[in-house]
Amino acid sequence: MNTSEYALIVAGGKGTRINSVVPKQFLELNGVPIIIRTLNAFVRYSRDISIILVLPADDIETWNALSKKHNFNVPITLQLGGDTRFQSVKRGLEKILGNGLVAIHDGVRPLISEDIIGASFRLAAVHRSAVAAVRLKESIRMTDMDNTKAMDRSRFRLIQTPQTFDVALIKKAYETKEDPSLTDDASVAEKAGHVISLFEGSYENIKITTGEDLIVAAALLTARLGQSSASTASK
């Protein structure tokens, strides 16, 4: 029997750090809203995946208009978000009624690849968790008031999404009391006593938070499209 796969896309950003009155998930990236590019990545991975999109109540009307404008006709489930990411994910999980695996993903990571999505589901099927992560490229130091200390960067990872889990596991984990230290789904599952399995993400899988991120994402997307065109032309 095939395991049911779900994608829970959390898109509650306000665009404050990107200096935009438009919520960042609705900003256009090379002519297409970021959130639609994110959703399309999961659709390309599998037409059978069940998608839950979590949005603030104030953004539902904007979503409806943009999805119509850009001809996004894939059936998805909408859920109203909470005041925090923790609350939004918890509400999104309530829309999953069956068992299976769920990939929880930031709505503003539009360059996620189908390969990484697939890897997350395959690994979560074995380990019950699979969290995308990349190695640090630069040196790091730990600060403590006026003192700093060099750290071994090989021992650290930058955590991304998707963070994919057995549905029952992550639902149970989210029954815990919300705490400021629970900054992502992996930390919630870890607090519930589960071991977190990491796998190799991608440096291209950036989270668009600032104006600089938007510029980098546009450049990466242009390069990716150029490589795709060149590959098609050579066939």
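The values are calculated or read from the model by the stated rules, or taken from the named source; none is laboratory data. Everything quoted here is computed from the prediction, not taken from an experiment. As a convention, Cβ positions derive from the backbone with ideal geometry for all residues, glycine included, and neighbour counts pool all protein chains shown. Protein only, heavy atoms only, side chains kept; ligands, DNA and RNA dropped before computing areas. Shrake-Rupley method; radii C 1.70, N 1.55, O 1.52, S 1.80 Å.
Anything in the stretch 75-107 that is free of Cβ contacts under 8 Å to residues at least 40 places away in the same chain and closer than 16 Å to Glu5 by Cα? List them, or say none.
Within the stretch 75-107, Pro75, Ile76, Thr77, Glu94, Leu97 meet the criteria.
Cβ contacts < 6 Å: first residue under 24 Å from Leu198 (Cα atoms), restricted to the stretch 135-160; second residue part of a loop (DSSP other than H, G, I, E, B) and among the polar types (S, T, N, Q), any location; separation 6+ or different chain. Result?
Gln160/Asn205
Table: residues versus (1) aromatic (Phe, Trp, Tyr); (2) open to solvent by less than 30 Å² (accessible area, probe 1.4 Å); (3) assigned to a loop (DSSP other than H, G, I, E, B).
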{"site": "Ala7", "(1), (2), (3)": "no, yes, no"}
{"site": "Val22", "(1), (2), (3)": "no, no, yes"}
{"site": "Gln25", "(1), (2), (3)": "no, yes, no"}
{"site": "Leu39", "(1), (2), (3)": "no, yes, no"}
{"site": "Phe42", "(1), (2), (3)": "yes, yes, no"}
{"site": "Ile52", "(1), (2), (3)": "no, yes, no"}
{"site": "Asp59", "(1), (2), (3)": "no, yes, no"}
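Are there any pairs with C-beta distances below 6 angstrom linking a residue in the stretch 203-223 that is modelled with pLDDT of 95 or more and charged (D, E, K, R) to a residue that is part of a helix (DSSP H, G or I) and surrounded by 15 or more Cβ atoms within 10 Å (Cβ to Cβ), with the two at least 6 apart or on different chains, and if so which?
From residues that are modelled with pLDDT of 95 or more and charged (D, E, K, R), the pairs are Glu204/Leu220.
Considering every residue within the stretch 69-76, establish whether at least one is part of a helix (DSSP H, G or I) and either open to solvent by 40 Å² or more (accessible area, probe 1.4 Å) or under 21 Å from Asp213 (Cβ atoms) (or both).
yes
Taking the stretch 168-182, which residues are over 25 Å from Asp115 (Cα atoms) and either surrounded by fewer than 17 Cβ atoms within 10 Å (Cβ to Cβ) or not aliphatic (A, V, I, L, M) (or both)?
Within the stretch 168-182, Lys171, Lys172, Tyr174, Glu175, Thr176, Lys177, Glu178, Asp179, Pro180, Ser181 meet the criteria.
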